[in-house]
Amino acid sequence: MDNLLEIGQIVNSYGIKGFLKVVPFTDDMQRYSDLKTVYIEKNKKLKEMEIEEVKYHNKLVLLKLKGINSIDDTLEYKNCYIKIERKDAVKLPEDSYFIVDLIGINVETDEGKNLGTLIDVFPTGSNDVYVVKNELGKQTLLPAIGEVIKNVDIANKKMIVHLTPGLEA
C-alpha cells in the first residue's frame, strides 16, 4: 500500500494573497481544516508544506500554504496534486476503501471466473462504479453495492463479486 494518499488537485490561484484553488478528492472536504501539513507533488517530487489557512468556496478548497504569498508564487503549483500521509487520513467506515488501495486489485466472480483488474472508480451519486478490465481489453462495470461486491481483501489484492442479472463478464 502507498504511504501517501492523494486528496486533491490544485487547479488555479485564488485572490492576490497566494491562496490555491483545490479540487478535493475526498467525500468530506472539511477534513482539510484538520491538517497541519500536506505534500505537493510536482515533477514526480514531493515537497512538504505547512498549511497557514483553509477556506471553502462552493465545492473547492482554498488553501494558503506557508511560503506562497502572491499570485506569482501560485503559478508553479497549478495542476499539481496534494497528498497526505496515510496516518493523517480519515478513518473510513466499514466496507469503504481508499481508491488508491482498490486500483490494481484482481477481481473474480464468486464462481471462480477471473474478470480482470480494477482500473478505475467513478462516483455516480448513489454509489461508486468499479471499472474492471481483462487481459483482452474488455471492460466490465460493477456497481459498488453489497449485492455485487461480496469480499474485498486489500492485503491480498483480491475482490470477489457476484454478477447479478444484467451484469455481464
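The values are calculated or read from the model by the stated rules, or taken from the named source; none is laboratory data. Worth saying up front: this structure is predicted, and the values here are computed from it rather than measured. Cβ coordinates were reconstructed from backbone atoms using ideal geometry, including for glycine residues, and neighbour counts include every protein chain displayed.
Is it the case that the stretch 104-111 has a residue that's without any contact (Cβ under 8 Å) to a residue 60 or more places away in the chain and within 17 Å of the chain's Cα centre (by Cα)? Yes, that holds for at least one residue.
Among the criteria (1) surrounded by 17 or more Cβ atoms within 10 Å (Cβ to Cβ); (2) farther than 15 Å from Q9 by Cβ; (3) in contact with a Lys or Arg (Cβ under 8 Å, 6 or more places away or on another chain); (4) among the β-branched types (V, I, T), the one I68 does not fulfil is (3).
One line per residue, one yes/no per condition, for (1) free of Cβ contacts under 8 Å to residues at least 12 places away in the same chain; (2) farther than 25 Å from V23 by Cα:
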site: L46; (1), (2): no, no
site: E50; (1), (2): no, no
site: I71; (1), (2): no, no
site: C80; (1), (2): no, no
site: K83; (1), (2): no, no
site: L92; (1), (2): yes, no
site: L115; (1), (2): no, yes
site: D128; (1), (2): no, no
site: G137; (1), (2): yes, yes
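In contact with a His (Cβ under 7 Å, 6 or more places away or on another chain), without any contact (Cβ under 8 Å) to a residue 60 or more places away in the chain and surrounded by 15 or more Cβ atoms within 10 Å (Cβ to Cβ): does that describe V161? So V161 fails the test.
Taking the numbered list (1) surrounded by 15 or more Cβ atoms within 10 Å (Cβ to Cβ); (2) hydrophobic (A, V, I, L, M, F, W, C); (3) closer than 18 Å to T37 by Cα in turn, A89 passes all entries but (1).
Out of the strands (runs of 3 or more DSSP E) lying entirely within the stretch 62-169, which hold 2 or more residues that are on the phi > 0 side of the Ramachandran plot? Those strands (runs of 3 or more DSSP E) do not exist here; none qualify. Is the stretch 3-14 home to any residue that is exposed (fewer than 15 other Cβ atoms within 10 Å of the Cβ), closer than 30 Å to A155 by Cα and in contact (Cβ under 8 Å) with a residue 24 or more places away in the chain? The answer is yes; a qualifying residue exists. Yes or no: the stretch 105-112 includes at least one residue that is touching an Asp or Glu at 6+ places or on another chain (Cβ under 6 Å) and not assigned by TED's automatic domain parsing to the domain that holds Y32. Within the stretch 105-112, not a single residue is touching an Asp or Glu at 6+ places or on another chain (Cβ under 6 Å) and not assigned by TED's automatic domain parsing to the domain that holds Y32. One residue is enough: does the stretch 100-109 have a residue meeting the conditions farther than 26 Å from D34 by Cβ and either loosely packed, with under 15 Cβ neighbours inside 10 Å or touching a Cys at 6+ places or on another chain (Cβ under 9 Å) (or both)? Yes, the stretch 100-109 contains at least one residue that is farther than 26 Å from D34 by Cβ and either loosely packed, with under 15 Cβ neighbours inside 10 Å or touching a Cys at 6+ places or on another chain (Cβ under 9 Å) (or both).
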